[in-house]
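Values quoted throughout were computed directly from the atomic coordinates according to the rules given, and no laboratory measurement underlies them. Not measured: the values here are computed from a predicted model. Cβ coordinates were reconstructed from backbone atoms using ideal geometry, including for glycine residues, and neighbour counts include every protein chain displayed.
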Amino acid sequence: MDEKIYRESLELHRRLRGKIEIRPKISVRTRRDLSRVYTPGVAQVCREIQEDRDRAYIYTIKSNTVAIVTDGSAVLGLGNIGGYAAIPVMEGKALLFRQFAGVDAFPICFDGYHTDFVEAVKNIAPVFGGICLEDIAAPKCFEVEEALQGIGIPVMHDDQHGTAVVVLAALMNACRATGRQMEDLTIAISGAGAAGFAIFRLLRCLGYDQRLCSSVRDILMCDRKGIIHRQRNDLLKNKYKYIIAHETNRKNRTGTLSDAMEGADVFIGVSAPSLVTPDMVRSMTEEPIVLALANPVPEIMPEEAKRGGAGVIATGRSDYPNQVNNVLAFPGIFRGALDACAREISSEMKMAAAHALAARVKRPTRGRILPSVLDRRVARAVADAVSAAAVSCGCARDSHETL
């Protein structure tokens, strides 16, 4: 199946020469048309924006444009393939932005993992209403996102927060389907990179309004060396894992991923294929929740997870039920942020997105904890919730209602 898709995809891209294009909204047929869209008429539009920069949201593409920024250092399951090879993925992201949320997005691909592109992104920000960081390896992705906060437009690393939002929505509905409470959960997470770090922060409510967020009981987080615990001597070299060690693993357990899963209610995998066995699932609580999200091959295939006794199973694949895919989150999150002319994407906006997404499934079951990734109504529901949250938390510009 995969080989056939690879061949079809290669032919599609060769034929189309890329998946996106830019089209004008108005045709220029007369001198009057030219005078209005370009010189001399456009000079007055420039003067208006010079007087008040926020008027760019009214007179230009800024109110509907997102830059998809990458250095190609962590692309899908391909790793550090560089900016050139990352273009097809970023084009695909742009296509999804347009089709699911009506957002005009464009790939901005830098080449070279060691390239410091923060200042370059700041300098191109005026034309965009948002920055979607994509496929940047940890820990650089954390540093870049932090450095780009406060530039006046929303900046979000989708591999972190888009993933975390969808995982939270899936987990809320999995709890409803199995009669569990979020506050009672002990969770084993495989993968301490971009997605894993953001999921851990959201599930432990770090940086989130405690009135809006319910922390799980405990998290045991694993990287390639096993369970992250406070006595590990490598943590001082990585401040993000240091934070993980001090905010998880209440009993300071040590060992492997297998040890972490023993007695856990939930497994979340954002790491590598085929790390989990049916016996490891059996060691968890009765009918555990298994979200095995490595792509294209998950940590454990659904058939094997079921054989191990899993009650709810989700993957990132489209050929199984309960697909956890970022397309359920990022189009609506940015659509809502753009609708509000937001200055940032706040924790309140992310939380609103997760709840709106979960609410799209009225009566969750073990076989359906998330809406279909092809359901075009999802983005609008998420966008409305995010936009309202932006206004409520003070992240929206005063002018957003007049646009």
Check L374 against each of (1) surrounded by fewer than 20 Cβ atoms within 10 Å (Cβ to Cβ); (2) more than 16 Å from the chain's Cα centre (by Cα); (3) touching a residue at least 12 places away in the same chain (Cβ under 8 Å) and name the one condition it does not meet.
-> (3)
Please specify each residue of segment 1-21 satisfying the condition of being without any contact (Cβ under 8 Å) to a residue 60 or more places away in the chain and either part of a loop (DSSP other than H, G, I, E, B) or of a type in the set (V, I, T) (or both).
-> I5, R17, E21
Pick from segment 62-86, criterion touching a residue at least 24 places away in the same chain (Cβ under 8 Å) and assigned to a helix (DSSP H, G or I), ranking: surrounded by the most Cβ atoms within 10 Å (Cβ to Cβ) | A86
Quick one: which strands (runs of 3 or more DSSP E) sit completely within segment 141-227 and have at least 1 residues that are among the acidic types (D, E)?
-> 218-223
Taking segment 217-232 on its own, how many of its residues are in contact (Cβ under 8 Å) with a residue 24 or more places away in the chain and either out of contact with any strand residue (DSSP E or B) (no Cβ under 7 Å at 6 or more places or on another chain) or of a type outside the set (K, R) (or both)?
-> 10
Can you name every residue in segment 113-151 that is surrounded by 22 or more Cβ atoms within 10 Å (Cβ to Cβ) and of a type in the set (S, T, Y)?
-> none
Would you please name the residue that is farthest from R23 (Cα to Cα), looking only at residues in segment 104-148 that are in contact with a strand residue (DSSP E or B) (Cβ under 8 Å, 6 or more places away or on another chain) and among the β-branched types (V, I, T)?
-> V144
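Answer yes if at least one residue in segment 43-61 is over 24 Å from I151 (Cα atoms) and not in a strand (DSSP E or B), and no otherwise.
yes
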Just a yes or no: is a residue in segment 233-244 assigned to a loop (DSSP other than H, G, I, E, B), crowded, with 20+ Cβ neighbours inside 10 Å and touching a residue at least 24 places away in the same chain (Cβ under 8 Å)?
-> no
Which is over 25 Å from K225 (Cβ atoms) and in a loop (DSSP other than H, G, I, E, B), of E299, E303, E286?
-> E286
Out of all the residues in segment 255-284, which are among the β-branched types (V, I, T) and surrounded by fewer than 16 Cβ atoms within 10 Å (Cβ to Cβ)?
-> T256
Can you name the number of the only condition in (1) over 29 Å from A94 (Cα atoms); (2) loosely packed, with under 12 Cβ neighbours inside 10 Å; (3) among the basic types (K, R) that R36 fails?
-> (2)
Mind checking which residues of segment 88-109 are assigned to a helix (DSSP H, G or I), surrounded by 18 or more Cβ atoms within 10 Å (Cβ to Cβ) and not small (G, A, S)?
-> V89, M90, E91, K93, L96, F97, F100
